[in-house]
Amino acid sequence: MSLAISLAEVVAVPINSIVIGARRREKLGRLQALAKSIATRDGLIHPILLRGETLVAGHRRLEACRSLNWKTIPARQVDRMSDDELRASKLRGEHGARKPERLRDQQSAPRADSTGGSGSKSQGGC
């Protein structure tokens, strides 16, 4: 995880306030195993990343927590990070349980724009 991300404060954000813009993946895949892990074993280890109210990283984690009926989710604001810095942090393995992207998803992914386009173990509000 990059230093800029790890220094960003973790805050509880209402799930219903999060805006999901253009995504890299067409499908989220099976979320049941991730939701089960969050609920029974690990909690949410990596908070989602936001720019304002717009989701930058963590769509699968967000939807898994939504399926668990969480009202809030731990998040870090990364407004000051460039798109290149965010992409680099993802490539370094910020998300250990990342669902592999399909080649088609990688090729058709829109670039995030600045308007929306490992932390400690933390639990969201149920």
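The values are calculated or read from the model by the stated rules, or taken from the named source; none is laboratory data. Nothing here was measured: the structure is a model prediction, and the numbers come from that model. Every residue, glycine as well, gets a Cβ built from its backbone with ideal geometry; the counts of neighbours run over all protein chains shown.
Among all residues of the range 43-66, there is none that is under 19 Å from L28 (Cβ atoms), among the polar types (S, T, N, Q) and touching a helix residue (DSSP H, G or I) at 6+ places or on another chain (Cβ under 7 Å).
Give R30, R80, R25 a once-over and let me know the one that is closer than 24 Å to A8 by Cα, at pLDDT below 90 and in a loop (DSSP other than H, G, I, E, B). Outline the logic, then answer.
Details: R30 fails: closer than 24 Å to A8 by Cα; R25 fails: closer than 24 Å to A8 by Cα.
Result of the check over R30, R80, R25: R80.
In a residue-by-residue description of the range 51-58, the property of being assigned to a helix (DSSP H, G or I) and closer than 20 Å to A12 by Cα applies to no position. Listed by first and then second residue, the pairs with beta-carbon distance under 9 Å, at least 6 apart or on different chains, first residue in the range 29-42 and surrounded by 12 or more Cβ atoms within 10 Å (Cβ to Cβ), second among the acidic types (D, E), are L31/E63; L34/E63; A35/E63.
Looking at A35, A39, A57, which one is within 15 Å of I73 (Cβ to Cβ) and within 12 Å of the chain's Cα centre (by Cα)?
Details: A35 fails: within 12 Å of the chain's Cα centre (by Cα); A39 fails: within 12 Å of the chain's Cα centre (by Cα).
None of the other options fit; the residue is A57.
Against the test of being loosely packed, with under 14 Cβ neighbours inside 10 Å and modelled with pLDDT under 70, the options L86, L7 yield a single qualifying residue, L7.
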